[in-house]
Amino acid sequence: MLLTMPSHSLQVLGMHLSFTAEADQHQVEKAKRLAEKRYQELETRGTQISRERLLVFLALGLADDLLQANQERAAMQERLHALLAKIDEE
């Protein structure tokens with residue numbers, strides 16, 4: 001049985017986007033709100049920076065957040081494995 005991904009259509013940062021993704025509509029809306037919030041924060045901080053540069057800064061900031069979250073998750077998994085190993089020793 002072939003499962004199709006849900007399609008989404010939304011207005012974000014002044015652009016209309018249509019795409020398919022595994023995420024449900026609620027998750028897509030949360031991602032949209034986060035992107036718009038971060039963009040507004042960058043826009044208010046920056047001097048006359050072009051929209052393209054702001055979008056690149058936004059992408060880099062979100063990518064950095066993802067990398068940090070992945071590192072934290074990996075560290076937590078290591079601690080969990082160490083604790084499980086201690087439990088198994090007893």
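The values are calculated or read from the model by the stated rules, or taken from the named source; none is laboratory data. Since the structure is predicted, the reported quantities are computational estimates derived from the model, not experimental observations. For neighbour counting, all protein chains shown are included, and Cβ atoms are generated from backbone atoms with ideal geometry for every residue, glycine included. These accessible areas exclude ligands, DNA and RNA; they are computed on the full protein's heavy atoms, side chains included. Shrake-Rupley method; radii C 1.70, N 1.55, O 1.52, S 1.80 Å.
Treating only the Cα positions of segment 23-76 as identical point scatterers, give the base-10 log of I(q)/I(0) from the Debye formula at each q in 0.14, 0.15, 0.25, 0.26 Å⁻¹.
-0.47, -0.53, -0.98, -1.00
Using a 1.4 Å probe on the protein chains only, how many percent of the accessible area of the chain belongs to carbon and sulfur?
Within the chain, the accessible surface is 59 percent carbon and sulfur.
Could you do me a favour and compute the accessible area per residue for the chain, 1.4 Å probe, result in Å²?
84
How big is the chain in terms of Cα radius of gyration and Dmax, in angstroms?
When restricted to Cα atoms, the chain yields Rg and Dmax of 19.2, 62 Å.
Would you mind working out the magnitude of the charge dipole of the chain relative to its Cα centre, with +1 at each Lys and Arg C-beta and -1 at each Asp and Glu C-beta, to the nearest 20 Debye?
Charge dipole of the chain: 500 debye, to the nearest 20.
Amide H to amide H under 5 Å from HIS8: which residues, 5+ apart in sequence or cross-chain, H placed 1.01 Å off N in plane?
PHE19, THR20, ALA21
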